Amino acid sequence: LSIADARKTSVSFIKKHLKELIKHYDFVLVDTAPGLEERPMKIVESCDNVFIITTPELTSVTDTVRVIEVLRKKRKNIAGIIINRYKGRSYEITPEEIRKLYKIPVVSIINEDERVQQAIAEQVPIVLSDPDCAVSREIKRFARELVGRDMQEN
């Protein structure tokens, strides 16, 4: 989609297609824009479970607090936190601090890796462009856990 196409796409159009996908798949993952904007929040409201993705920077973590508060008021099931672009630096908020702050389990930690940016530029998912890198292994581990499959590497 172009930016113009994305802006023209209505929430009802997206919800209609989500309902159709749900008929054919056990899981449908929806990635929305971060924050509290109206369109992404309306899409999130139609989901059964929500995973919150945050980076370990203070600004992202504090913005995420507001999103979680809104989702809790709307009685959405927050299934877990995914920490993205984690470097393990002293200036970052640790996964344990994030878990304590949100009172939600951290279900995945995806480390910062330049290969992800390269895969995005090539428009190829990282799990296909570099299936053995740590990021790909973590994404596959989380996917197996999500669907309840044996945790052995495939």
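The values are calculated or read from the model by the stated rules, or taken from the named source; none is laboratory data. Because the structure is a prediction, the values reported are computed rather than measured. Note that we place each Cβ from the backbone using ideal geometry, even for glycine, and neighbour counts take in every protein chain shown. In case anyone asks, the SASA skips ligands and DNA or RNA and just uses the protein heavy atoms, side chains included. Shrake-Rupley method; radii C 1.70, N 1.55, O 1.52, S 1.80 Å.
Between their Cα atoms, which of 15/140; 19/76; 42/73; 16/74; 74/100 are more than 24 Å away from each other?
Long pairs (Cα-Cα over 24 Å): 15/140.
Could you sort 21, 128 by accessible area so the largest value comes first, with the probe set to 1.4 Å?
Largest accessible area first, the residues go 128, 21.
Using a 1.4 Å probe over the heavy atoms of the protein chains, calculate the carbon and sulfur portion of the accessible area of the stretch 13-101 as a whole percent.
52
Could you order 86, 25 by accessible surface area, starting with the largest, using a probe radius of 1.4 Å?
Sorted descending by solvent-accessible area, the residues read 25, 86.
What percent do you get for the relative contact order of the chain when only Cα pairs under 8 Å and 6+ apart count?
Relative contact order, the chain: 15 percent.
Please calculate how many Å² of accessible area the chain carries per residue, with a 1.4 Å probe and no DNA, RNA or ligand atoms counted.
Dividing the accessible area of the chain by its residue count gives 70 Å².
Can you tell me, using C-alpha contacts under 8 Å and at least 6 residues apart, the relative contact order of the stretch 84-154 as a whole percent?
Contact order relative to length: 24 percent.
Please list 69-75, 56-62 highest first by mean number of surrounding beta-carbon atoms within 10 Å per residue.
56-62, 69-75
Could you order the peptides 44-51, 132-139 from most to least packed, using the average number of other C-beta atoms within 10 Å per residue?
132-139, 44-51
Report the dimensions of the stretch 52-154 along its three principal axes from the alpha-carbon atoms, largest first, rounded to Å.
Result, largest extent first: 39, 33, 24 Å.
For residue 17, what accessible area in Å² do you get when you roll a 1.4 Å probe over the heavy atoms of the protein chains, rounding to the nearest 10?
The value for residue 17 is about 80 Å².
So if we plug the beta-carbon distance of residue 23 and residue 115 into 1/(1 + (r/R0)^6) with R0 = 35 Å, what FRET efficiency do we get, rounded to 0.05?
Working from the Cβ atoms, E equals 0.50.
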